[in-house]
Amino acid sequence: MSNGHFIAIVQATLIVLCTIGVWHYSTSNDESQHSGNLVVVDSNDIEHRFEESPSRVVITNTYAGTVMRMLDIDLDVIVGASGDFQDETIWPEFTEIPLVQLSAHSEIDFEALLDCYPDVYIVFASNGMVDTGAIRDKLEPVGIKVLALDFYKYDTLEQEIAVLAKLFGKEQEAKEIFEEFEEIENMVEERISGIDDSLKPNVVMEHHASLTRDPVVLTGTSQWTDIIERAGGINVFADLPGHTTHVDMEAIIDANPDVLMFDGITFEIGYNDFDVDDKCGTHMDFISSRPGFDDINAVVDDRMLIMAGEFAGPMMIHGLPYLAKYFHPSLFDDVDTDKYLDDYFLNYHNAERVGKFVCLSSGD
């Protein structure tokens, strides 16, 4: 047999073996994706089956990390994360964790992700800046379950917490969390239940995209509308289509809101942030200087506020009393709303609450 024939036979054999290997991997992976008695359904209505609780998890955002802490899930299962966990004062466990992407909204370093050998990758379910379907198409075929959970929508927060609770055997912890949520919600509801709609403040909530464009407002499908309404306010643009939408300046002027709110996710406020450059004040001065805005009730009465990104995450229910008191101070005069925020950080993060969480145009 010539060397050429021998080499050809070896190459053919290798191709056959590789093909068999790929087939075996694909088949075994497909079986693992559809086997197991531990079943959870994520917020994309995708069913995931597990033989046992996952031991290698990659997470992309602090909302998911926060819920894992709230449920007392062992964070040693986290084998990769995004740069959103860079603050060592609140996330010391993540200082040595491999970085798989710069932020929850940035490009994924798939090589770094695969090097983590995760069982599960937890990602946003419906965030417009994250293509969850495309991520699933890339990762599911190689054996990584893509668990889509938001943790930033009021009406699905408990349902999503329950998913992680079931996955990690923390149902009792979830029950205690839900009882605390109910207590807070009932306290607020009892105080505002008798308020006539005519006494509820009309609110315009602007998205952080308004910093660089014409006004972008949050509509009825946004999580902020749920919070505003539960706090005793009315989102005047709740009926507009979409999660966010552009409106003309005149639309806000015509609405003449009693309160102007702004999503603070791009401001340097929140845990361990203090708005040292007074970007909040600069922004509210800019809003006040918009043509025609000097006659809007919210500007005249100094009722503009910027709320930190934490209020739009798992902390939203603990932040509900703060907003309710802002809308209806006389009804919550005896309620220490800061204590709810302090308790949230002490109980769930084992940390003192430090930082500026709300900027007010009144300066209070």
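A few points about this structure:
- The one condition in (1) within 27 Å of residue 184 (Cα to Cα); (2) more than 12 Å from the chain's Cα centre (by Cα); (3) of a type outside the set (Asp, Glu) that residue 134 fails to fulfil: (1)
- Answer from 51, 93, 88 - the residue that is at pLDDT 95 or above and within 34 Å of the chain's Cα centre (by Cα): 51
- Condition met for residue 209 (under 25 Å from residue 263 (Cβ atoms), in contact with a strand residue (DSSP E or B) (Cβ under 6 Å, 6 or more places away or on another chain), assigned by TED's automatic domain parsing to the domain that holds residue 55 and not in a strand (DSSP E or B)): no
- Test: residue in segment 154-174 that is farther than 30 Å from residue 52 by Cα, in contact (Cβ under 8 Å) with a residue 24 or more places away in the chain and part of a loop (DSSP other than H, G, I, E, B): no
- Every residue from segment 149-178 that is under 20 Å from the mean Cα position of the chain (by Cα) and small (Gly, Ala, Ser): 162, 165, 174
- Considering segment 289-301, and only residues there that are surrounded by 14 or more Cβ atoms within 10 Å (Cβ to Cβ) and not basic (Lys, Arg), the residue that is farthest from residue 225 (Cα to Cα) turns out to be 293.
- Test: residue 126 is of a type in the set (S, T, N, Q) and in the same structural domain as residue 309 (by TED's automatic domain parsing): no
- Restricting attention to segment 329-364, the residues that are within 17 Å of residue 302 (Cβ to Cβ) and surrounded by 14 or more Cβ atoms within 10 Å (Cβ to Cβ) add up to 4.
- Test result for residue 319, buried (at least 20 other Cβ atoms within 10 Å of the Cβ), at pLDDT 95 or above and on the phi > 0 side of the Ramachandran plot: no
- All positions within segment 252-266 that are more than 30 Å from residue 86 (Cβ to Cβ) and outside any strand (DSSP E or B): 252, 253, 254, 255, 256, 257, 258
- Meets criteria (surrounded by fewer than 14 Cβ atoms within 10 Å (Cβ to Cβ), closer than 26 Å to residue 128 by Cβ and touching a Gly at 6+ places or on another chain (Cβ under 7 Å)) for residue 248: no
The values are calculated or read from the model by the stated rules, or taken from the named source; none is laboratory data. Since this is a predicted model, take the numbers as computed values, not measurements. FYI the Cβ positions are ideal-geometry reconstructions off the backbone, even for glycines, and counts take in every protein chain you see.
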